[in-house]
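Worksheet: one structure, shown below.
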Amino acid sequence: MSLTATLGHTAATAQVAAGQHDPAIPTSAPLIRARGLVKVYSTVSGDPVVALDDMNLSMADGEFVSIVGPSGCGKSTMLRLLAGLDTPDAGEMTLGHQPITGPSGAVGVVFQNATLLPWMTVWQNVILPLQVGGGNRAAREDAVREYLSIAGLTGFENKYPYELSGGMQQRAAIVRGLARDPKVLLMDEPFGALDALTRERMNGELQRIWMASRKTVLLITHSIGEAIFLGDRVVVMSGRPGKVLEDLRVNLPRPRSHAETIADPEYIRLAREIRRMLDA
Amino acid sequence: MSTADISTPHDFAARTMERLAAQRRRQRIGNILLTIAGMIGLLVLWQVAVQVFQVPSYILPGPERVFNALWSGLAVPLDSRVGFYVPLGSTLGHAALGFLIGATLGLLLGSLMAEFRPAEIILMPYAFALQSLPKIAIAPLIIVWCGFGNGSKVVMAALLTFFPMLVNSFAGIRSTEPERLDLMKALSASRLQTYLRVKLPTAAPYIFAGLDMGVVYALLGTIVAEFLGAQEGIGVVITQAQAVTDVAGVFAALVILGVVGIALHLLIKVTERRVIHWSDRHK
Ligand SMILES: Nc1ncnc2c1ncn2[C@@H]1O[C@H](COP(=O)(O)OP(=O)(O)OP(=O)(O)O)[C@@H](O)[C@H]1O
Ligand SMILES: [Mg+2]
């Protein structure tokens with residue numbers, strides 16, 4: 001069942017779009033592949049918590065995948081595993097064809113809270129990935145400047161995070177995630193703390209940044225609308241222990257605009273289906 | 001002044017800001033005046049009480065006598081042997097040296113304990129035991145080891161500064177948010193990079209609180225060492241005045257110490273506000 005979900009996504013057929021996976025359709029090798037991931041946390045109070053059980057996910061190069069699921073179902077856990085911040089208790093993960101064993105320069109992470117360092121200016125924050133972790137990456141500074149400008153932060157380089165709005169801080173955190181030119185960008189509810197209108201604007205800007213950079217993006221979100229608006233696919237997770245309930249393809253033309261997307265029958269159909277699954 | 005001046009929102013905002021600033025200024029001046037008034041009231045009360053109850057001046061001198069003693073110690077050349085400046089310089093110099101040594105060692109050892117479990121496990125019991133010991137009680141031992149001189153003053157100052165710095169830098173570094181550590185881990189940052197760029201800045205408010213305590217303790221340690229036997233310093237001035245029941249002289253020296261203590265505290269606070277500019281707005 002979950003293997004089906006893993007393999008079925010790459011074929012952008014009407015069949016898949018309707019939520020029916022067809023494992024028979026051949027797929028090009030995915031950039032990220034995670035199979036049978038299990039993560040168990042031991043807790044102080046005794047009973048271990050099974051955060052993930054047989055979690056599968058694969059992402060093609062350049063694909064934008066959204067993950068939605070009930071709170072506590074293991075979304076952040078999944079992201080931490082993919083980022084190499086934690087090790088699974090069972091299962092395997094590969095990036096390219098290499099197993100993921102730890103943090104990698106090929107993966108950028110945007111955390112649940114912006115986690116900009118308050119003692120650094122915006123510029124110092126976004127070039128932090130170029131200055132730590134070894135290797136000389138000074139040559140990337142121009143590219144980072146470019147991302148800052150795409151993110152609308154030109155002129156704010158020397159401001160401190162507390163001088164920025166919440167939305168600007170999030171954009172800076174995304175630029176930081178892109179600083180090393182990673183192949184993959186993992187984002188954990190980057191806009192969770194923002195109000196609905198700002199969030200929609202951020203979604204638009206993220207789409208713009210993504211279309212300009214063509215990264216492979218995994219976006220964890222609580223917002224069904226955000227998941228559909230941004231994703232090529234939406235992966236719906238079950239409650240804890242987390243596994244894939246459904247893997248839906250989003251057949252909406254890009255660039256998408258909120259005004260048009262939310263009126264699109266495809267959007268409405270997907271939103272209804274996802275909500276039904278999450279309510280069940 | 002005319003209504004045209006506030007016609008644009010920008011002007012309006014500027015004027016509002018100005019008005020608020022003026023209000024704050026008035027409030028602050030009011031507070032200062034109130035403090036001064038309180039001080040004058042206390043001095044008057046003191047003088048009256050001393051006169052009414054006929055307290056002999058070798059028990060409690062009136063403020064006038066204290067002021068005279070203060071003046072005679074201050075209105076002298078900087079290098080005068082009978083003034084306050086030379087002993088104050090000696091006390092402050094040795095306190096500062098001890099403070100620097102104690103603060104540096106405290107920060108280093110606190111960091112070591114926070115960063116390396118074995119260091120914590122080995123050193124924590126001693127830190128605990130010494131922490132609950134009144135460190136002034138060690139002073140006679142220090143005198144035995146370092147003699148009746150400036151060495152003991154520096155060592156006492158260092159010792160008293162060391163502990164708050166050790167405890168505070170340890171607690172501060174341990175308070176680093178896990179998410180920020182995840183960030184550095186995701187970037188494959190080295191341990192030293194994580195320490196310098198994330199943990200140390202996180203600990204900065206704690207470290208400054210430790211410095212603030214330390215600066216007072218350093219002065220305290222130096223004075224205690226001077227009491228137990230030294231050739232120079234404000235502590236010596238106090239014991240000499242006491243020996244000839246010059247209580248006004250003792251008071252004058254205490255006033256000097258109080259003022260110096262407040263000045264050092266303010267110095268730390270001002271530095272802190274400059275260095276940790278992000279903290280009050282961020283947390
Ligand atoms: N370090 C940990 N120790 C113990 N339990 C943990 C730990 N991290 C997560 N958990 C538990 O694992 C489960 C999944 O957590 P996770 O943070 O992955 O959920 P999530 O889907 O990201 O939730 P949310 O949407 O609220 O962010 C939760 O029940 C959580 O309590
Ligand atoms: Mg989460």
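If the condition is being outside any strand (DSSP E or B), within 16 Å of ligand 2 (Cβ to nearest atom) and over 20 Å from A:F156 (Cα atoms), then region A:173-189 contributes only A:E189. The test for being in a strand (DSSP E or B) and within 16 Å of ligand 2 (Cβ to nearest atom) does not hold for A:L85. All of (1) within 20 Å of B:R197 (Cβ to Cβ); (2) within 16 Å of ligand 2 (Cβ to nearest atom) hold for A:R140 with one exception: (2). Could you go through region B:140-157 and let me know if any residue there is within 14 Å of chain A (Cβ to nearest Cβ), among the charged types (D, E, K, R), in a helix (DSSP H, G or I) and out of contact with any Lys or Arg (no Cβ under 9 Å at 6 or more places or on another chain). No; the residues of region B:140-157 include none that is within 14 Å of chain A (Cβ to nearest Cβ), among the charged types (D, E, K, R), in a helix (DSSP H, G or I) and out of contact with any Lys or Arg (no Cβ under 9 Å at 6 or more places or on another chain). Considering only residues in region B:40-56 that are β-branched (V, I, T) and in a helix (DSSP H, G or I), the one that is nearest to the chain's Cα centre (by Cα) turns out to be B:I40. A:N136 passes all but one of (1) in a loop (DSSP other than H, G, I, E, B); (2) closer than 30 Å to B:V275 by Cα; (3) away from ligand 1 (no atom under 16 Å from the Cβ); (4) modelled with pLDDT of 85 or more; which number fails? Condition not satisfied by A:N136: (4). Taken over region A:88-113, the criterion of being more than 10 Å from chain B (Cβ to nearest Cβ) and in a loop (DSSP other than H, G, I, E, B) is satisfied by A:P88, A:D89, A:G96, A:H97, A:I100, A:T101, A:A106. Just one of the numbered conditions (1) under 27 Å from A:L185 (Cα atoms); (2) within 25 Å of the chain's Cα centre (by Cα) is not true of B:R197: (2).
Quick check on region A:166-174. Is at least one of its residues in contact with a strand residue (DSSP E or B) (Cβ under 6 Å, 6 or more places away or on another chain) and open to solvent by less than 10 Å² (accessible area, probe 1.4 Å)? Lay out the reasoning, then the answer.
Step one: filter region A:166-174 for residues in contact with a strand residue (DSSP E or B) (Cβ under 6 Å, 6 or more places away or on another chain), giving A:173-174.
Those still in the list that are open to solvent by less than 10 Å² (accessible area, probe 1.4 Å) too: A:173-174.
Checked against the condition, which is being in contact with a strand residue (DSSP E or B) (Cβ under 6 Å, 6 or more places away or on another chain) and open to solvent by less than 10 Å² (accessible area, probe 1.4 Å), region A:166-174 yields at least one hit.
Annotation: A:P182 fulfils all but one of (1) in contact (Cβ under 8 Å) with a residue 24 or more places away in the chain; (2) surrounded by fewer than 17 Cβ atoms within 10 Å (Cβ to Cβ); the unmet one is (2). Among the listed residues A:L130, A:L186, A:L194, A:L178, which satisfies the condition of being touching a helix residue (DSSP H, G or I) at 6+ places or on another chain (Cβ under 7 Å), within 23 Å of B:T194 (Cβ to Cβ) and at pLDDT below 90? That would be A:L178, the only listed residue that is touching a helix residue (DSSP H, G or I) at 6+ places or on another chain (Cβ under 7 Å), within 23 Å of B:T194 (Cβ to Cβ) and at pLDDT below 90.
Got at least one residue in region B:249-258 being within 14 Å of another protein chain (Cβ to nearest Cβ) and open to solvent by 20 Å² or more (accessible area, probe 1.4 Å)? Among the residues of region B:249-258, not one is within 14 Å of another protein chain (Cβ to nearest Cβ) and open to solvent by 20 Å² or more (accessible area, probe 1.4 Å), which makes the answer no. For region A:151-159, the condition holds for at least one residue, the condition being that it is within 14 Å of chain B (Cβ to nearest Cβ) and open to solvent by 10 Å² or more (accessible area, probe 1.4 Å).
May I ask you to verify whether A:D195 is acidic (D, E) and open to solvent by 30 Å² or more (accessible area, probe 1.4 Å)?
Values: acidic (D, E): yes; open to solvent by 30 Å² or more (accessible area, probe 1.4 Å): yes.
In short, yes.
Taking the listed residues A:L219, A:L206, the one that is buried (at least 16 other Cβ atoms within 10 Å of the Cβ), outside any helix (DSSP H, G or I) and out of contact with any Lys or Arg (no Cβ under 8 Å at 6 or more places or on another chain) is A:L219, with no other qualifying. Residues that are away from ligand 2 (no atom under 14 Å from the Cβ), surrounded by 17 or more Cβ atoms within 10 Å (Cβ to Cβ) and among the aliphatic types (A, V, I, L, M) do occur in region A:61-72, at least one of them.
The values are calculated or read from the model by the stated rules, or taken from the named source; none is laboratory data. Only a predicted model underlies this, so the values are computations on that prediction, with no experimental measurement involved. As a convention, Cβ positions derive from the backbone with ideal geometry for all residues, glycine included, and neighbour counts pool all protein chains shown. Ligands, DNA and RNA are excluded from the accessible area calculation, which covers all protein heavy atoms including side chains. Shrake-Rupley method; radii C 1.70, N 1.55, O 1.52, S 1.80 Å.
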